[in-house]
Amino acid sequence: MEIEKKSTRDGLGDSLLELGENPDIVVLSADLTESVRVDKFAKKFPNRFIQTGIAEQNMASIAAGLSLCNKIPFITSHAAFSPSRNWDQIRVSICMSGENGANVKIASTHSGFSNAPDGQTAEALEDIALMRVLPKMTVISPIDYYQTIKAVSEAVKYKGPVYIRLSKTDTECITSEKDDFQIGKTYVLRKGSAITVLCTGVITAEVLKAMEMLDKDIELIACPTIKPLDAETILKSISKTGKVLTVEEHQLSGGFGSAVLEMLNEHKVPMTITRLGVNDAFGVSGSYEDLLQKFCLDSKSIAEKIKAL
């Protein structure tokens, strides 16, 4: 049986098209309409689609204004451009607006190594750190296509700024249309007691492949919400295992693993933690698979790390 593969950017486009019947939703693009998969929304709802051109800073400011008019704006671009180029506008105009921040949703595709052929400037490996440091910002990194559809829908209901980190690459569908998604919740994909493996985003598919290579008692928890973390579920798992491995397609500094480490330190949990990610380096040009291998984030490398621990 062939495994279904779809990209999370496609999940964004399909979800917004379905949610577009809500007259309050407005979608903005910075000259990447088809690339971020909002072209169908633009065609069906042209009066609620704004093409700002290559002006990510203006796009964020326009969205902040729309939110003050009780609209639910989605600003869409590649993660290398948003939040990288418009972080000041996100910080000031969106996060500092009102008690809970402006009700703007920031959906950014081509994150991690998924834009690998375009080289290091196009590979967003710092965006989690940029966004989770902002007060009032919620940070979500869905693990597959179907979870993205649910995450976008939940973001519409959520009051306040939300960052949704998405990928260009087609990856295996781990969840289904029937699976639940809640902001702030983790999901136990495999139960075990020897080690807790925590992952976020589409790299989860590689982690699952790694586990299939091992005859080990491993607990795998997917963490699509990076901020706020589901501390209760994570702490419950670690109380059994005492060992933690975090896996992310992002810089180790300030990323998902750092968020987990900070939370464990706050709770004064005695444990051993190892973080897998990009260690203080930029990407290079190549295929997505080549870069995962180079930075030891492919299934074989992950399996070797789990075995060593």
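Computed from the coordinates by the stated procedures, all read-outs in this text should not be read as laboratory data. Quick caveat, the model's predicted, so the values are computed rather than measured. Reconstructed Cβ throughout: ideal geometry from the backbone, glycine too, with neighbour counts over all protein chains shown.
Quick notes on this one:
- Measuring between alpha carbons in the structure, the pairs from 191/227; 43/71; 40/150; 150/227 lying more than 21 angstrom apart are 191/227.
- Rounded FRET efficiency, nearest 0.05, which uses the C-beta distance separating residue 287 from residue 182 and R0 of 45 Å: 0.85
- Rounded to the nearest 20, the size of the Cβ-charge dipole of the range 128-214 about its Cα centre is 440 debye, with Lys and Arg at +1 and Asp and Glu at -1.
- Relative contact order of the range 1-159, defined on C-alpha pairs under 8 angstrom at six or more residues apart (%): 26 percent
- Which of 137, 213 has the fewest Cβ neighbours within 10 Å, and the rest in rising order: 213, 137
- Ranked 96, 211, criterion: other C-beta atoms within 10 Å, fewest first: 96, 211
- Stokes-Einstein D in µm²/s, Kirkwood radius over Cα pairs - the range 188-285 at 20 °C with 1.002 mPa s viscosity: 157 µm²/s
- Binned Cα-Cα distances of the range 123-233, short to long, each 10 Å bin given as a whole percent: 14, 45, 33, 8, 0
- Ranked list, fewest to most other Cβ atoms within 10 Å of each Cβ, for 174, 75, 54: 54, 174, 75
- Cβ-based charge dipole, the range 142-224, positive-most Cα from 197, 167, 156: 156
- Taking 0.36 nm per residue of sequence separation and removing the Cα-Cα distance, the residue 39/residue 261 pair yields an extension gain of 76.0 nm.
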